[in-house]
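The values are calculated or read from the model by the stated rules, or taken from the named source; none is laboratory data. For clarity, every value in this text was computed on a predicted model and none was experimentally measured. Cβ atoms come from the backbone with ideal geometry, glycine included; neighbour counts cover every protein chain shown. Accessible surface is based on the protein model in full, side chains and every heavy atom, while ligands, DNA and RNA are left aside. Shrake-Rupley method; radii C 1.70, N 1.55, O 1.52, S 1.80 Å.
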Amino acid sequence: QITNGELGGLIGLRDTVIPGYQTSLDQLAYDVATQVNAVHESGFDANGDAAGAFFAPLAAVAGAARAIAVDAGVAADSQLVAGSGTGAVGDNQTARALADLRDARVMSGGTATAAEAWSNLVYRVGSDLSSAQATSTTREAVVRQLQQMRDQASGVSLDEEAATMLKFQRAYEASARFFTTINSTLDTLMNMVQ
């Protein structure tokens, strides 16, 4: 199993992180469709008839975000949108009840509004992204430091090598002068003896 490195991160993203986001988004879509349909079905349309579902009924939470759609009948005829709570002309109880869903805590098991549930999902995505970027930056800095330490221990410094070469060159020149002086001294001694 690959759990580390870029490949491990991509596999974790594919198998864990993105499915978690999809599950949250599916739950949000399912809750919105269910709540809107419950209120919409309790009202009456513009013709004074009992209204049906506003969204096409969703079979399950899984895949709800992909499947959510306005009911085909409502999409084809706007007169089927429920606005009245009694069927009387001018009554807007259902329209107000639908608008009140915006501030109602009907999402996430009755603990959040639709806007809060959406904000929580967006915050989670942003937080995960920020955390991943910070971790990546930190690890890149660690790798750079390790490379610098390695280069300091095993790398070749051109300045140090040039200084060492000059030192050996000076030592060679000094040795050459020493032997030249010795040779000259010996030549002088030999000439004196003769």
Problem set entry | For the range 161-166, Karplus couplings with θ = phi - 60° (6.51, -1.76, 1.60), whole Hz, Gly/Pro x | 5, 5, 5, 5, 5, 5
Exercise. Amide H of residue 70: which non-local residues (sequence gap of 5 or more, or other chain) have their own amide H closer than 5 Å, using H built in the peptide plane?
Worked result: 56
Problem set entry | For the range 88-194: accessible area per residue (Å², 1.4 Å) | 84
Problem set entry | Ellipsoid equivalent to the range 33-148 - semi-axes via the Cα gyration tensor, in Å | 46, 15, 10
Seminar exercise, completed: To the nearest 10 degrees, the tilt of helix 114-154 (Cα long axis) against the first principal axis of the alpha carbons of the chain is 10
Problem set entry | Linear extension gain, residue 137 paired with residue 72, 0.36 nm per residue minus alpha-carbon span | 18.4 nm
For this session: Summarise the accessible area of the chain (1.4 Å probe, protein heavy atoms) by the percent that is carbon and sulfur.
Result: 58
For this session: Would you please name the trypsin sites (Lys or Arg not before Pro) within the range 44-103 that are DSSP coil residues with at most 16 other C-beta atoms within 10 Å of their C-beta?
Result: 102
Problem set entry | For residue 51, distant residues with modelled amide H under 5 Å away | 43, 44, 45
Exercise. When the Debye formula is applied to the Cα atoms of the chain, each taken as the same point scatterer, what base-10 log of I(q)/I(0) results at q = 0.20 Å⁻¹?
Worked result: -1.30
Seminar exercise, completed: Here the FRET efficiency for residue 101 versus residue 17, based on Cβ atoms and R0 = 22 Å and rounded to 0.05, is 0.15
For this session: Beta carbons within 10 angstrom, averaged per residue: use that to sort the peptides 141-154, 119-132, highest first.
Result: 119-132, 141-154
For this session: Report ³J(HN,Hα) in whole Hz for each residue of the range 67-81, in order, from the Karplus equation J = 6.51 cos²θ - 1.76 cosθ + 1.60 where θ = phi - 60°; Gly and Pro get x.
Result: 8, 4, 7, 5, 3, 4, x, 5, 5, 7, 9, 5, 5, 8, 6
Exercise. In debye, nearest 20: dipole of the chain around its Cα centre with unit charges on the Cβ of K, R (+) and D, E (-)?
Worked result: 860
Seminar exercise, completed: Phi-derived 3J(HN,Hα) across the range 30-43 with the Karplus relation (6.51, -1.76, 1.60, θ = phi - 60°), rounded Hz, x for Gly and Pro, is 5, 5, 4, 4, 5, 5, 5, 4, 4, 6, 4, 5, 7, x
Seminar exercise, completed: The farthest towards the positive end of the charge dipole of the chain, of the residues 88, 141, 40, given +1 on Cβ of Lys and Arg and -1 on Cβ of Asp and Glu, is 141
For this session: For the range 25-77, report the convex hull volume of the alpha-carbon atoms normalised per residue, in Å³, without decimals.
Result: 64
Exercise. Rounded to a whole number of µm²/s, how large is the Stokes-Einstein D of the range 109-184 at 20 °C and 1.002 mPa s, given Rh as the Kirkwood radius over C-alpha pairs?
Worked result: 114
